[in-house]
Every structure is written in structure tokens, then in C-alpha cells.
Amino acid sequence: MEPYRATTRRHLATSPFKPPVREPLKVFAPGDRVSHDREGLGTVAAVEEGVAVLVDFGPNRIRVLAPYAKLHLL
């Protein structure tokens with residue numbers, strides 16, 4: 001049995017189905033207050049454009065990778 005692959009399948013031009021719609025990437029700036037689903041409230045410390053955001057949650061500093069699914073701007 002083959003392991004599950006985490007990549008998404010590409011859309012074929014001849015497919016009768018519409019391609020999946022991608023949500024626009026969230027934009028954060030240093031100093032923004034954010035909420036993380038698991039870590040709670042924090043402040044954006046640094047931004048790597050389109051790659052990751054470094055968030056300060058008090059005792060922890062966590063690097064959250066794009067597309068920032070669990071990170072919400074307050």
C-alpha cells in the first residue's frame with residue numbers, strides 16, 4: 001500500500017470541472033496583533049514576504065508558514 005501524498009493534483013485544461021479557487025494570501029505587518037488557533041494571542045515580530053511570519057506569544061516565538069491557515073488578524 002502506498003503512503004498518502006500531500007501534494008494537490010494539477011488541473012487539466014480538458015477537464016469539464018472548474019479549477020479550485022485559491023484564497024488570496026493574508027498580509028501581515030510587524031506589530032500586528034494576531035490570534036492563533038492553538039497558541040492564542042500574539043504580536044507579529046517579523047515578516048518574510050509570502051513565506052512565513054514570526055509571531056511572539058510571550059514566552060514563545062513561533063514561525064508560522066504561509067498560507068497562515070490558523071493565524072487571524074485582530
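Coordinate-derived values only; no laboratory data. It should be emphasised that the depicted structure is a prediction, and the values quoted were computed from it without experimental measurement. Neighbour counts run over all protein chains shown; Cβ positions are idealised from the backbone, glycine included.
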**Prompt:** Among A13, A29, G40, which residue has its Cα positioned farthest towards the positive end of the charge dipole of the chain, with +1 placed on the Cβ of Lys and Arg, -1 on the Cβ of Asp and Glu, and the dipole taken about the Cα centre?
**Reply:** A13
**Complete:** HN-Hα couplings for the stretch 31-38 via Karplus (6.51, -1.76, 1.60; θ = phi - 60°), in whole Hz with x for Gly/Pro, come out as x, 5, 8, 9, 10, 10, 4, 9
**Message:** Just want the ordering: D56, D37, D32, from fewest to most Cβ atoms lying within 10 Å of their own Cβ.
**Reply:** D37, D56, D32
**Request:** Can you run the Rg to Rh ratio on the chain? Use alpha carbon positions and the Kirkwood inverse-distance Rh.
**Result:** 1.14
**Item:** Loop-resident sites, the chain, for GluC sites (Glu not before Pro), counting at most 10 other Cβ within 10 Å (DSSP)
**Value:** E49
**Item:** Exposure proxy ranking, count of Cβ atoms within 10 Å, fewest first, for K26, K18
**Value:** K18, K26
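Ratio of alpha-carbon Rg to the 2.2 N^0.38 Å globular estimate for the stretch 33-73, to two decimals, please.
Values: Rg = 9.0 Å, N = 41, 2.2 N^0.38 = 9.0 Å.
Against the compact-globule rule of thumb, the ratio is 1.00.
Can you tell me the dipole magnitude for the chain around its Cα centre, using point charges on the Cβ only (Lys, Arg +1; Asp, Glu -1), in Debye to the nearest 20? Please report the intermediate quantities before stating the final value.
Details: 11 positive and 8 negative charges, 67 e Å.
It works out to roughly 320 debye.
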